[in-house]
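Only one structure is covered here, and it is reproduced in the block below.
Here, each number is a calculation from the coordinates, and none is a lab measurement. This is a predicted model, so every value here is computed, not measured. Methodologically, a virtual Cβ is constructed for each residue, glycine included, from the backbone with ideal geometry; neighbour enumeration extends over all protein chains shown.
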């Protein structure tokens, strides 16, 4: 053995080298997978924000259509201004340039139309002149001060404007134009118009729409301003441009941008079908994305592994010259490897737990978050409005209104569920120091928020303020108190007692109520996500509130406890740090 490296040693070195290379490759694959997933999230976020914002603007247009139809199919200039002011465009619809009304006319209707308009605005005229037999002048637009150049403009004079207007008329749906330059945009940057038609009575066929068209509510957009109303470029790790056909209407791929990546890690062209047009987005990652998804860690793993290999070889050479020292050293290395393996097992267990949470979240998101909640709610409102405007049809049952309400109930349920899931995923993201929270003031706020009166929430104890992670502390308290209110059979008789007690470096909080109590069989179940107990006529719950409570408390090394029996109320208890603590403390509270 002396002076020689045995075949066993060679095998060990080769195996260790394979493990190093495997760990390096695994780390690279993990980062590559994470980077790809991050890009997909950023891509979907950009597409979703654009689609969601356009849907919000569409709602505003249909609100204008409803206003006109409620006034018998036409409105005055003052009535339209009142509607636009009520809509609060600047506050609720950033990126929109205004909202106006277009009337569809033939040659014979022009004189009477001009006479009517000039009563309100003596200098009103239709411009510019064109050869098309149809006329589609802009009658009103608000705010008028910034859109004065558009008043009287005949959108039939230009192909893109006219084509989309006629398509909106024939389909009865909202449509956008191809790229245009708005007359009120002094910068002459690409923009488009967004139309929603209105008719004289009910229409079902194309010919009826063409015969009974009265006009359209429309909104002009400068694409650059529309995009500025979305998520700020400084908060995104991707840049994108938008093409409409052969025209680029928006471009963030600017060479002078300090974050532009000349060789992006990910780039993809995605199509977005929007109201009769197809927008193509060229999405690319920037330097911020590259910095947050660096492959430095796998390189460090590789070099560290190779360094270890060199050390092992040196050690084996020394071991071949001194069996006794080599065996002793091998024992030490074995013990160290066992310790590292134990630590690795702990890390793997924690990673497994995180992955289970992530998988559960992805499952919920794929089945619930993608449900078109807003679309169902809007269609329900439109259906009810249509039914309300027509007399009761023969054979129509009174169950129609009930079914519409059932749809609304389920939409509300889906909305609550979606909000709860998103809130559950955000628990813990505000960990850290906050401004001091006065518990007395907080109790007053909760009584006001939940509609309680003086005396229904009583606070006692030697802790009167919370200084650490007050954001999540509020979540915990509001969910527990809200749960007590939700399941109490007579809220006017509800009494909630909150007691605080300082215990070394933590504050212990107990919340007791005089509600119906909870059977001990279900004490564990109620803290699981999507698990809820339905009692009598209590409102339907999402089953997320107490799961949020449990997650927030456990993130600070605590444990939520529950003491309750049927008919005797319930007492929830948890402790909260006075200041930031290391995760290694593993401090918990025993379950009652």
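With both labels modelled 7 Å from their Cα along Cα-to-Cβ, the residue 17 to residue 86 distance reads 8.0 nm. Taking the average, over residues, of other Cβ atoms within 10 Å as the packing measure, peptides 208-214, 192-198 rank 192-198, 208-214 from highest down. In terms of its alpha-carbon gyration tensor, the range 145-230 comes out prolate; a/c meets the 1.5 threshold, and the first ratio a/b outweighs b/c.
Using the Cβ-Cβ distance between residue 493 and residue 248 with R0 = 60 Å, the FRET efficiency computed as 1/(1 + (r/R0)^6) comes to roughly 0.35. Each residue, residue 225 and residue 376, gets one label point 7 Å from its Cα in the Cβ direction; the gap between the two is 3.6 nm. Once both labels are positioned 7 Å from their Cα atoms along Cα-to-Cβ, the gap between residue 171 and residue 555 label points is 4.3 nm.
Of interest is the spacing of the C-alpha centroids, which for the range 143-188 and the range 56-97 amounts to 16 Å. The gain in end-to-end length when the residue 212 to residue 407 segment is fully stretched comes to 67.0 nm, 0.36 nm per residue minus the alpha carbon separation.
Kindly identify the range 65-210 as rounded, prolate or oblate by the Cα gyration tensor criterion: order the square roots of the eigenvalues as a ≥ b ≥ c, call it rounded if a/c is under 1.5, otherwise compare a/b with b/c, prolate if a/b is larger, else oblate. Because its axes are fairly even, with a/c under 1.5, the range 65-210 counts as rounded. In this structure, residue 189 and residue 448 have a Cβ-Cβ separation that, at R0 = 51 Å, corresponds to a calculated FRET efficiency of about 0.60. The distance linking the range 99-126 with the range 238-265 is 42 Å (Cα centroid to Cα centroid, whole angstrom).
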